[in-house]
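Peer 1: Before I ask anything, let me first share the structure, which is written out below as structure tokens.
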């Protein structure tokens, strides 16, 4: 009864949806996203992707790693890409799992859609998963872990866009993000110092007014000035599906094998539950 209740609760978890428009060719985006050596360079969710083998149906089995300062989270997955479609679209489906007790996500499934447009393509992902880390992970998932994963996915998509459109290497866009973030933090710290000095008893009224104006201006600039176009931003992505078709997982996902060959019945049920519940919320636009 407890396990069934857990599966029912997981079905209510909101899937993660991210979409971005990339002004590049299908061939370029497909290569950067499907190549196991290139994919981890822009995707913050992976440190390494190691292909294992292909089966007779073209399904790829792989291992993945996410490196932490003192630990490497490891897992397995299966994926299948469909490149040639009569309508010009391409899709890729994925199932993943891990036995690592420190992983914030457990068994899950997702998809990528590549939808051609007049100026490039719409690159879309939708995925869902079972929380990891036991009861702690379940408690933290909706409020902290899932939003963090959504942000990481979105900023990764913008890093991919910059790479595909302007050949800006992912490590360079990462460095520019750190420089931008550092400048904004420095501006806020400087603003706080000015405002504190403005309220010092020994500061004259005229100086206090000038420091206050400078402090407020610095704080507003640090917060509101838009980032340079070469700085990746999660806000450039849409986080809600514009229509039901974009949010619907490709039919191939249902037939994709779960990773691993020795799943117990409960683990297989968890994987099927995650795979069958990745339809994202659909917006009105």
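Peer 1: Beyond 18 Å, what share of the Cα-Cα pairs of the range 125-218 remains, rounded to the nearest whole percent?
Peer 2: Percentage above 18 Å: 68.
Peer 1: Based on other C-beta atoms within 10 Å, arrange 41, 245 from fewest to most.
Peer 2: 245, 41
Peer 1: Would you list 157, 178 from fewest to most Cβ contacts within 10 Å?
Peer 2: Details: 157 25, 178 10.
So the ranking, lowest neighbour count to highest, is 178, 157.
Peer 1: Okay, moving on. Treating each Cα of the chain as an identical point scatterer and ignoring solvent, apply the Debye formula and state log10 I(q)/I(0) at q = 0.14 Å⁻¹.
Peer 2: -1.04
Peer 1: Sticking with this structure for a sec: Got a sec? How would 202, 113 order by Cβ neighbour count within 10 Å, fewest to most?
Peer 2: Details: 202 6, 113 21.
By the 10 Å Cβ count, ascending: 202, 113.
Peer 1: Dividing the alpha-carbon radius of gyration of the range 172-224 by 2.2 N^0.38 Å (N being the number of residues), what value is obtained?
Peer 2: Dividing the Cα Rg of the range 172-224 by 2.2 N^0.38 Å gives 1.37.
Peer 1: Give me the percent relative contact order of the chain, please, defined on Cα pairs under 8 angstrom at least 6 residues apart.
Peer 2: Working: 520 pairs, mean separation 71.5, N = 285.
Here the relative contact order equals 25 percent.
Peer 1: Also, quick follow-up: Report, in degrees rounded to the nearest 10, the 0 to 90 angle that the Cα long axis of helix 170-198 makes with the longest principal axis of the chain.
Peer 2: Taking the Cα atoms of the chain, the angle to 170-198 is about 30 degrees.
No lab work stands behind these numbers, since they all come straight from the coordinates. Keep in mind that what you see is a predicted model, and the values were worked out from it rather than measured. Neighbour counts are summed over all protein chains in view; Cβ atoms, including those assigned to glycine, are modelled from backbone coordinates with ideal geometry.
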